[in-house]
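Trainee: Pasting a structure here, questions to come.
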Amino acid sequence: MLLIHCPYCDATLPEAEFAYAGEAHISRPADPSALSDEEWRDYLFIRTNARGPHFERWRHIHGCGRFFNAVRDTVSDRFLMTYKAGEARPDLTVKEAAE
Amino acid sequence: MSRYRIPGMGRVDPAAPVSFTFDGRSYQGLRGDTVASALLANGVHLMGRSFKYHRPRGVVTAGSEEPNALIGTSRGPGRFEPNTRATVQELRAGLTTESQNKWPSLKFDIGAVNDRAYMLFSAGFYYKTFMWPRSFWDKVYEPFIRAAAGLGKSPAEVDPDSYAHRNLHTDVLVVGGGAAGISAALTAAKSGARVVLVDENPEMGGSLLSDPSVRIDGRGSWAWLAEQLSQLRAAGVRLMTRTTAIGYYHQNFVGLVERVTDHLDQPPHGAPRERMWHVRAEQVVLAQGALEKPLVFDGNDRPGVMLAGAAQTYLNRYGVKVGDNAAVVTSHDSAWYAAFDLVDAGARVAAIADTRDSVRPDLVEAARKRGILVLTGHTATATEGRLRVKSVRVNPVRNGQVGAGRKIPCDALLICGGWTPSLHLFSHTKGSLTWDADSRTFLPDHKTEACQIAGAGRGLWGYGFVLEDGVKAGIAAAQALGRSADASDARVEGDRPGTGISQKELPTDRSPGKAKAFVDYQNDVTAKDIRLAVREGMRSIEHVKRYTTNGMATDQGKMSNINGLMIAADALGKEPPQVGLTTFRPPYTPTSFGAFAGYHKGATFEITRKTPIDPWAEAQGAVFEPVSLWRRAWYFPKAGEDMHAAVARECRATRASVGMFDASTLGKIEVAGPDAVEFMNRMYTNPWTKLQPGRCRYGLLLGEDGFIRDDGVIGRMSPDLFHVTTTTGGAARVLNMMEDYLQTEWPDLDVWLTSTTEQWATVAVNGPNARKVLEKLVEGLDLSDTNFPHMSVAECTVAGLPARLFRISFTGELGFEVNVPARHGLQLWKAIHEAGQQYDICPYGTETMHVLRAEKGYIIVGQDTDGTVTPQDAGLDWAIGKAKKDFVGKRSLSRPDIVAPNRKQLVGLLTEDGRKLEEGAQIVLDPSQSLPMTMAGHVTSSYDSVALGRPIAMAVVTGGLSRMGETVHIPMPDGTIRATITSTNFYDPAGERLKA
Ligand SMILES: [Zn+2]
């Protein structure tokens, strides 16, 4: 049972309150009809499957209901940080240097 | 007093005898005994038969790592438990126990023939022996193995006990109540931290309980222990005994199982048998101590052969001597102290054979002073005795040569192959280990969690070192919490420091191939098996483990892993760390299913959602079916009716006059706000802009991949408010999907989404007389077809209740759905039922609903679709807003795979011989093709249709929409059925009845 920090509630709460929602920073194309079949396939199905820090979405589904982003290390299953939806992908090298 | 009990010793209560039975025979033990100590006090060493060879086995340990003494325990009907460790089960009045793996009796067991068929059961025997011939597997091998192998008997009755779950938050959790754990807990508690100290034993103290002669701070160790415990209590430390830390998970989440009643003569009424604690700790201190390893040599498994530390525990903690005339074989100093304690208690120790060439002089002198023969640089090569050890054969080893053996008579053989730090919980956290070349053992290294490790659990030995280490761990934990803790030191006299070595199987002067030198007692794995596995190509320790099953029994290799690794490494010619250690996984010790299940059983296994109308249906004798978490009325049988008759009557009545149906479980979502129509346009395939308030429309929801996710009728209540309905099972999923798009893709849209599933009770009224029934109840609305045509919605009053009234139909008949606030649902239902009496209104259930909709070809998402069905596949192109530039899933509808020919498409099927098809049955185009046949699709829905006077079915068939009128074949066990492909709209294809 992981503990997850909801950036909207600003509270660290048990994993059972949250739902995983796939990889983060994959925006729906503004005009899907302009995409080639290959581009659309990539949007639908191609994911990074990272070994290490993974940018992903979670929803505080049994809490405030908000979707947010997280960086989780897929090797250690440790959350490095969470941040609000719409915020830019954080630069992890800067974060590490600061710590 | 029992024959082997020593008056004045132990922590048992001599004034409190407790009776129990073992294999039908009555014995007496004392309060404070375990089953094992009580049997030993009565001279009983033979406690079980081994798993594979059915060899007679006795108790080896005095703790939870016990591999041999597994027994069945019982407290009456439903309360039988197999594989209980006799070393853990405390004696209670009336306890009945039995040995396992024996037939007809423990002393004479027919399965022991396996022991002679040794070659048959060598490493990899499952993979090799039973391969051929195939027919032998079912008739010979499997029944034989099932009868002969297996641990214990599964209980067959329902467990009547209850099991509790609790949460606990603390600053510091200390696992292990020995010297290190106690000093860590006290140090941390004095800093002001909240501390929990847990231990799996009935009392705190760990090895101190087995070492009463050691003196700490001028007191005997037991007096010191009592004082420490009262200090811990005074400092507010929560002390939890009989509580096992079974798993250590992420972010210092530790699972504990507390055994609440198994030790009690009479459990208090209503008390849970066990309690699972979910602990979240800021800091964890692991002070789990170390586990003693056996030595590996021929005959090291006879009853009476046990770990030296166990013998010391039986003596000091239970006042039981394990024999009158013991012998010791060891590679560690600790066994010498066990021998001294036995002699000092009046037993005889014939000899100590130590595998090391030189041993500390003070130990040798102390042994000689007690009349013990000291044999250094020796190996053990055999034991004798069938149901109890009678002698051990020891030989000198000089320059690698094994000399002549001598036989030493004994009735107990104490062995010690060194100690392994208990790394299990640390390993659960994926903490890394480091190989200590001096002690030849693994030690904890890099930590992944906020934890400290103290004492023997990190390889320290001797109370002085361990106490000091516990204080250090307590300080470290306190400091990590931002507190300051004071150091303290304890003065230890008569300490028992020690060192030793780990090794592979002992050298022998006999053929190693004939030696039955056991590494894993519980799975009957010998040193020879491990060497054979390496010879046959296993290189990784994980492969050796699976091939030999070493360490795979219920004790998870607590005693066998390191010995197995030593032998495998030797066979591979590598150092142990290069071969690696297998991974320990939770739980630390076998844990009952009840403890995991907790409250999640019976009526509280899962919630049952009920509609407001459910009590009426129940009173009418409705038969229910589960639909996601809901229970829904399936059909309403009248006296003497079976399901078939009831459904046929309900269908007939609805089409002939009027039926009523509880549709409250339908998912409902309100989409509100200035941008609601734009949001609907983007989410659903249909166009919404031109839908006028007061009108509704069938909505189709796709995933971005173009496959159908959900559907339902959607009413526009006002320009900025949509009443969306979803499938019963899809409500939460659809709302989540809508929220996802709204929050993350289109946060600019001004829209609010609200789940209203449980705010509304919904009653569907269908049939030619539906309007006549409702007209009696509706106020403020003209229900005529001109004013309120098909696909209308309005707010009005029904039976005096505020309502949202839809004119829609899932039956093909004139239909209405009345929504009222849920608290009025039952009132509405009764009012409609009353008003409908004049027309013989018929309440119907989900089965009739399914039949009626299938007759019209209305799909059920999830039944007629399976996540790979597009709107075109389902014949729902008409629901797509072709002029819309975009909606969720639109781009995928032109993907190459989606527009490819021969996709499976939804069609109707009518059998030629009038038989009803089975849902899920596979369809082929050519029944005479060779096996395996090419499947062309499957039946998704199949019902007897009263309206059509014959069975009907829906199916997905390759290229089905272009095969109208063609014949397909459905092979069944009793013959192949021919069916014609038709439209799915079986009844009233022109839809005249809707317009009534
Ligand atoms: Zn939140």
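The values are calculated or read from the model by the stated rules, or taken from the named source; none is laboratory data. Predicted, not measured: the structure shown is a model, and the values here were computed from it. So basically every Cβ, Gly included, is an ideal-geometry build from the backbone, and we count neighbours across all protein chains shown. Only protein heavy atoms, including side chains, enter the accessible area calculation; ligands, DNA and RNA are left aside. Shrake-Rupley method; radii C 1.70, N 1.55, O 1.52, S 1.80 Å.
Trainee: Considering only residues that are within 39 Å of the chain's Cα centre (by Cα) and surrounded by 15 or more Cβ atoms within 10 Å (Cβ to Cβ), which ones fall in segment B:637-669?
Mentor: B:Asp662, B:Ala663, B:Ser664, B:Thr665, B:Leu666, B:Gly667, B:Lys668, B:Ile669, listed by residue number.
Trainee: Out of segment B:676-717, which residues are in a strand (DSSP E or B), hydroxyl-bearing (Ser, Thr, Tyr) and open to solvent by less than 30 Å² (accessible area, probe 1.4 Å)?
Mentor: B:Tyr684
Trainee: Can you name the condition, by its number, that A:Ile26 falls short on among (1) away from the ligand (no atom under 16 Å from the Cβ); (2) under 22 Å from B:Leu735 (Cβ atoms); (3) open to solvent by less than 50 Å² (accessible area, probe 1.4 Å)?
Mentor: (3)
Trainee: Among the listed residues B:Leu742, B:Leu749, B:Leu702, which satisfies the condition of being in contact (Cβ under 8 Å) with a residue 60 or more places away in the chain, under 36 Å from the mean Cα position of the chain (by Cα) and more than 9 Å from chain A (Cβ to nearest Cβ)? Lay out the reasoning, then the answer.
Mentor: On the way: B:Leu742 fails: under 36 Å from the mean Cα position of the chain (by Cα); B:Leu749 fails: under 36 Å from the mean Cα position of the chain (by Cα).
Residue meeting the stated conditions: B:Leu702.
Trainee: Answer yes or no: is there a residue in segment B:852-860 that is under 30 Å from B:Met660 (Cβ atoms) and open to solvent by 30 Å² or more (accessible area, probe 1.4 Å). Steps first, answer last, please.
Mentor: Initial filter on segment B:852-860 (under 30 Å from B:Met660 (Cβ atoms)): B:852-860.
In the following step, the residues that additionally are open to solvent by 30 Å² or more (accessible area, probe 1.4 Å) were identified as B:858, B:860.
Among the residues of segment B:852-860, at least one is under 30 Å from B:Met660 (Cβ atoms) and open to solvent by 30 Å² or more (accessible area, probe 1.4 Å), which makes the answer yes.
Trainee: Show me the strands (runs of 3 or more DSSP E) entirely contained within segment B:226-339 in which 2 or more residues are of a type in the set (Val, Ile, Thr).
Mentor: B:243-249, B:253-259, B:274-286, B:325-330
Trainee: Among A:Phe67, A:Phe55, which is within 16 Å of the ligand (Cβ to nearest atom), surrounded by 14 or more Cβ atoms within 10 Å (Cβ to Cβ) and of a type in the set (A, V, I, L, M, F, W, C)?
Mentor: Of the residues listed, the single one that is within 16 Å of the ligand (Cβ to nearest atom), surrounded by 14 or more Cβ atoms within 10 Å (Cβ to Cβ) and of a type in the set (A, V, I, L, M, F, W, C) is A:Phe67.
Trainee: Filtering segment B:834-848 down to residues that are touching a strand residue (DSSP E or B) at 6+ places or on another chain (Cβ under 6 Å) and not in a loop (DSSP other than H, G, I, E, B), which residue is nearest to B:Arg652 (Cα to Cα)?
Mentor: Result: B:Cys842.
Trainee: Among what's in segment A:1-13 and is within 16 Å of the ligand (Cβ to nearest atom) and open to solvent by 50 Å² or more (accessible area, probe 1.4 Å), pick the residue that is farthest from the other protein chains (Cβ to nearest Cβ).
Mentor: A:Asp10
Trainee: Further question: Looking at A:Arg41 and the list (1) surrounded by 15 or more Cβ atoms within 10 Å (Cβ to Cβ); (2) more than 12 Å from chain B (Cβ to nearest Cβ); (3) free of Cβ contacts under 8 Å to residues at least 12 places away in the same chain; (4) among the charged types (D, E, K, R), which single condition is not satisfied?
Mentor: Just one mismatch for A:Arg41, condition (2).
Trainee: Just checking, which of B:Met559, B:Met566 is at pLDDT 90 or above, under 22 Å from B:Leu506 (Cα atoms), among the hydrophobic types (A, V, I, L, M, F, W, C) and out of contact with any helix residue (DSSP H, G or I) (no Cβ under 9 Å at 6 or more places or on another chain)?
Mentor: B:Met559
Trainee: The conditions are (1) over 30 Å from B:Ile898 (Cα atoms); (2) more than 16 Å from the ligand (Cβ to nearest atom), and A:Tyr43 fails exactly one of them. Which is it?
Mentor: Condition not satisfied by A:Tyr43: (1).
Trainee: Restricting to segment A:14-23, and then to whatever is more than 14 Å from B:Asn252 (Cα to Cα) and more than 9 Å from the ligand (Cβ to nearest atom), can you tell me which residue is surrounded by the most Cβ atoms within 10 Å (Cβ to Cβ)?
Mentor: So in segment A:14-23, the residues more than 14 Å from B:Asn252 (Cα to Cα) come out as A:16-23.
Okay, now just the ones that are also more than 9 Å from the ligand (Cβ to nearest atom), so A:16, A:19-23.
Working: A:Ala16: 11, A:Ala19: 14, A:Tyr20: 12, A:Ala21: 18, A:Gly22: 10, A:Glu23: 15.
The residue in question is A:Ala21.
Trainee: So which of A:Arg78, A:Arg57, A:Arg66 ends up being within 12 Å of chain B (Cβ to nearest Cβ), among the basic types (Lys, Arg) and touching a Pro at 6+ places or on another chain (Cβ under 9 Å)?
Mentor: A:Arg66
Trainee: Here are B:Gly949, B:Gly959: which of them is surrounded by fewer than 16 Cβ atoms within 10 Å (Cβ to Cβ) and either touching a strand residue (DSSP E or B) at 6+ places or on another chain (Cβ under 8 Å) or free of Cβ contacts under 8 Å to residues at least 60 places away in the same chain (or both)?
Mentor: Working: B:Gly959 fails: surrounded by fewer than 16 Cβ atoms within 10 Å (Cβ to Cβ).
B:Gly949 is the lone residue from the list that is surrounded by fewer than 16 Cβ atoms within 10 Å (Cβ to Cβ) and either touching a strand residue (DSSP E or B) at 6+ places or on another chain (Cβ under 8 Å) or free of Cβ contacts under 8 Å to residues at least 60 places away in the same chain (or both).
Trainee: Hey, another quick one. Looking only at segment B:348-365, count every residue that is within 12 Å of B:Trp336 (Cα to Cα) and surrounded by 17 or more Cβ atoms within 10 Å (Cβ to Cβ) and tell me the total.
Mentor: Total satisfying the criteria: 8.
Trainee: Mind listing just one residue for me: the one in segment B:705-739 that is of a type in the set (Asp, Glu) and away from chain A (no Cβ under 11 Å) and, of those, nearest to the chain's Cα centre (by Cα)?
Mentor: B:Asp710
Trainee: A further question follows. Any idea which of (1) polar (S, T, N, Q); (2) part of a strand (DSSP E or B); (3) open to solvent by 10 Å² or more (accessible area, probe 1.4 Å) is the one B:Asn819 doesn't satisfy?
Mentor: (3)
Trainee: While we're on this one: Collect the residues in segment B:382-416 that are farther than 17 Å from B:Leu506 by Cα and either more than 49 Å from the chain's Cα centre (by Cα) or in a loop (DSSP other than H, G, I, E, B) (or both), keeping them in residue-number order.
Mentor: Of everything in segment B:382-416, those that are farther than 17 Å from B:Leu506 by Cα and either more than 49 Å from the chain's Cα centre (by Cα) or in a loop (DSSP other than H, G, I, E, B) (or both) turn out to be B:Gly385, B:Arg386, B:Leu387, B:Arg388, B:Val389, B:Lys390, B:Cys410, B:Asp411.
Trainee: If you take the residues of segment B:753-764 that are surrounded by 15 or more Cβ atoms within 10 Å (Cβ to Cβ) and within 14 Å of chain A (Cβ to nearest Cβ), which of them is nearest to B:Pro843 (Cα to Cα)?
Mentor: B:Ser755
Matching residues to (1) out of contact with any strand residue (DSSP E or B) (no Cβ under 7 Å at 6 or more places or on another chain); (2) under 30 Å from A:Ala30 (Cα atoms); (3) open to solvent by 70 Å² or more (accessible area, probe 1.4 Å):
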position	(1), (2), (3)
B:Gly881	yes, yes, no
B:Arg891	yes, yes, no
B:Thr911	no, no, no
B:Gly914	no, no, no
B:Gly920	no, no, no
B:Pro932	yes, no, yes
B:Asp944	no, no, no
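For every residue, the table says whether it meets (1) in contact with a strand residue (DSSP E or B) (Cβ under 8 Å, 6 or more places away or on another chain); (2) more than 30 Å from B:Ile567 (Cβ to Cβ); (3) within 14 Å of chain A (Cβ to nearest Cβ); (4) open to solvent by 10 Å² or more (accessible area, probe 1.4 Å).
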| residue | (1), (2), (3), (4) |
| --- | --- |
| B:Tyr248 | yes, no, yes, no |
| B:Val254 | yes, yes, yes, no |
| B:Glu258 | yes, yes, no, yes |
| B:Pro267 | no, yes, no, yes |
| B:Val279 | yes, yes, yes, no |
| B:Glu282 | yes, yes, yes, yes |
| B:Gln288 | yes, no, no, yes |
| B:Pro294 | yes, no, no, no |
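Trainee: Return the pairs, sorted by first residue and then second, in which the second residue is assigned to a loop (DSSP other than H, G, I, E, B) and at pLDDT 95 or above, the first residue lies in segment B:793-815 and is over 27 Å from B:Ile859 (Cα atoms), the beta carbons are less than 7 Å apart, and the residues are 6+ apart or on different chains.
Mentor: B:Cys796/B:Leu781; B:Val798/B:Leu777; B:Ala799/B:Leu777
Trainee: Are any of the residues in segment B:95-110 part of a loop (DSSP other than H, G, I, E, B), under 30 Å from B:His600 (Cβ atoms) and at pLDDT 95 or above?
Mentor: No, segment B:95-110 has no match at all.
Trainee: So A:Ala85 ticks every box in (1) more than 30 Å from B:Trp277 (Cβ to Cβ); (2) touching a strand residue (DSSP E or B) at 6+ places or on another chain (Cβ under 9 Å); (3) away from the ligand (no atom under 16 Å from the Cβ); (4) of a type in the set (A, V, I, L, M) but one. Which box is left unticked?
Mentor: (3)
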